[in-house]
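Single-structure report; data block below.
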Amino acid sequence: MATRFATRILLSCIALSVVAGAAACASHTPQTQSASGRVTVGVTSRGPGVASMTFTVSIDPAGVNVPIKADAGVYTANDTPAGTHTVRLKDLPGRCRVEGNGEREISVSPRRSAVVRFVVVCT
C-alpha cells in the first residue's frame with residue numbers, strides 16, 4: 001500500500017513537472033550559448049630600446065596575427081572560438097628573449113576570458 005501511494009506521488013510530480021516545464025518553455029525564448037571566449041595577451045619588456053619596439057602576437061588556430069607594443073602592450077581577441085589554442089610572441093630582435101616560453105597553450109571556454117602574460121628581457 002505504501003508503495004502504491006509513493007508511486008502515485010511520483011507520477012503526480014512527474015506530470016506536474018512536464019506541464020510546468022512545457023509552460024515555462026512556451027513562455028521563454030531559448031537562449032543560445034556563445035561558443036567563443038576572450039583571450040587577452042599582455043607584454044612587459046625591459047632593457048634598452050624597448051619603448052620603440054613592436055612584437056607580433058599570434059593565436060592559432062584562431063588566425064590572429066597582430067602587432068603589440070613591446071614596452072607595455074595589451075591585445076584582446078574577442079570572439080575566440082572555444083577550444084585549445086597556442087599563443088606565440090614572435091618577431092623579437094636577437095638581443096631579446098622571453099622569460100619562460102614564447103609559446104603558451106591555453107584553453108578558451110565559452111563566455112570566459114583567458115589571460116596570457118609575456119615578460120621580455122632585452123640587453
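The values are calculated or read from the model by the stated rules, or taken from the named source; none is laboratory data. Just so it is clear, the model here is predicted, and its values are computed rather than measured. Every residue, glycine as well, gets a Cβ built from its backbone with ideal geometry; the counts of neighbours run over all protein chains shown.
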Quiz item: From the set of residues in the range 96-123 that are in a loop (DSSP other than H, G, I, E, B) and in contact (Cβ under 8 Å) with a residue 40 or more places away in the chain, which is nearest to VAL41 (Cα to Cα)?
Solution: ARG112
Quiz prompt | Enumeration of residues in the range 84-95 that are assigned to a strand (DSSP E or B) and either modelled with pLDDT under 95 or not β-branched (Val, Ile, Thr) (or both) | solution = HIS85, ARG88, LEU89, LYS90
Quiz item: Do you know which residues across the range 68-95 are touching a residue at least 40 places away in the same chain (Cβ under 8 Å) and of a type in the set (A, V, I, L, M)?
Solution: ALA70, ALA82, VAL87, LEU89
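Residues are listed down the side, and each one gets a yes or a no for (1) surrounded by 15 or more Cβ atoms within 10 Å (Cβ to Cβ); (2) under 23 Å from VAL50 (Cα atoms); (3) aromatic (Phe, Trp, Tyr):
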site: ALA82; (1), (2), (3): yes, no, no
site: LEU89; (1), (2), (3): yes, yes, no
site: ASN101; (1), (2), (3): no, yes, no
site: ARG104; (1), (2), (3): yes, yes, no
site: SER107; (1), (2), (3): no, no, no
site: PRO110; (1), (2), (3): no, no, no
site: VAL119; (1), (2), (3): no, yes, no
Exercise. Enumerate the pairs (first residue in the range 46-67 and at negative phi; second residue anywhere and of a type in the set (Asp, Glu) and not in a helix (DSSP H, G or I)) with beta-carbon separation below 7 Å, excluding pairs fewer than 6 apart on the same chain, so at least 6 apart or on different chains.
Key: VAL50/ASP71; ALA51/ASP71; PHE55/ASP91; THR56/ASP91
